[in-house]
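*Asks:* My questions will all concern the structure given below.
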Amino acid sequence: MRIPKVWEMLARIRLWPREIEADLHREYRIDVADWHTGAITSRKALVLLDQLSENSGYKTEYERAGNWPIWQQMLKDLHNETALHRAGLYAGG
C-alpha cells in the first residue's frame with residue numbers, strides 16, 4: 001500500500017520545517033504556505049524537494065543525515081592526506 005503524498009509531505013515538513021522552508025524559497029521562490037493553502041500540490045512539493053541542489057539544508061539532513069556531499073568528503077580526505085604527508089616530511093628531518 002502506497003503512502004498518500006500529503007502524508008509523506010506532512011511527515012517531511014514536521015521533521016525538517018526550517019530547512020524545507022528556506023530551501024524552497026531560496027531555489028524556487030516558493031513559500032511553504034503555498035502548500036498549506038493548496039496553491040501547490042503535495043506531489044509538486046515533493047518533486048521540488050527531490051530536485052533541490054546537493055548543498056541544500058534539506059538534502060544535507062534528509063539524504064545524508066547531516067554529512068557533506070561525497071565530493072566534499074573526498075576533498076576533505078585529500079586535504080588530510082596532503083597535510084599528513086607534509087607533516088611527515090618535516091618530522092623526518
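*Asks:* Please list, by residue number, every one of the chymotrypsin sites (Phe, Trp or Tyr not before Pro) in the stretch 1-92 that is coil in DSSP and has at most 15 other beta-carbon atoms within 10 Å.
*Replies:* Taking the stretch 1-92 and a limit of 15 other Cβ atoms within 10 Å, no loop chymotrypsin sites (Phe, Trp or Tyr not before Pro) are found.
*Asks:* Residues of the chain: accessible area per residue at 1.4 Å, in Å²?
*Replies:* Accessible surface, normalised per residue, equals 75 Å².
*Asks:* Still on this structure, please answer the following. Have a look at Ile40, Tyr58, Trp7 and report the one farthest towards the positive end of the charge dipole of the chain, computed about the Cα centre with Cβ charges (Lys/Arg +1, Asp/Glu -1).
*Replies:* Result: Trp7.
*Asks:* Which number comes out as Rg/Rh for the chain once both Rg and the Kirkwood Rh are worked out on C-alpha atoms?
*Replies:* Answer for the chain: 1.26.
*Asks:* Work out the FRET efficiency for Leu15 and Asp77 from their Cβ-Cβ distance, taking R0 = 35 Å, and round it to the nearest 0.05. Don't skip to the end; give the middle numbers.
*Replies:* Numbers: r = 29 Å, r/R0 = 0.84.
It comes to 0.75.
*Asks:* Extension gain Lys44-Glu8, at 0.36 nm per residue separation less the Cα-Cα distance, in nm?
*Replies:* Between Lys44 and Glu8, full extension yields 11.8 nm more.
*Asks:* Let me ask something additional. With all protein chains present, how much of the accessible area of the chain (probe radius 1.4 Å) comes from carbon and sulfur, to the nearest whole percent?
*Replies:* Roughly 57 percent, rounded to a whole number.
The values are calculated or read from the model by the stated rules, or taken from the named source; none is laboratory data. Here the structure is a predicted model, which is why all the values come from computation and not from measurement. Cβ coordinates were reconstructed from backbone atoms using ideal geometry, including for glycine residues, and neighbour counts include every protein chain displayed. Note: areas computed on protein heavy atoms with side chains; ligands, DNA, RNA excluded. Shrake-Rupley method; radii C 1.70, N 1.55, O 1.52, S 1.80 Å.
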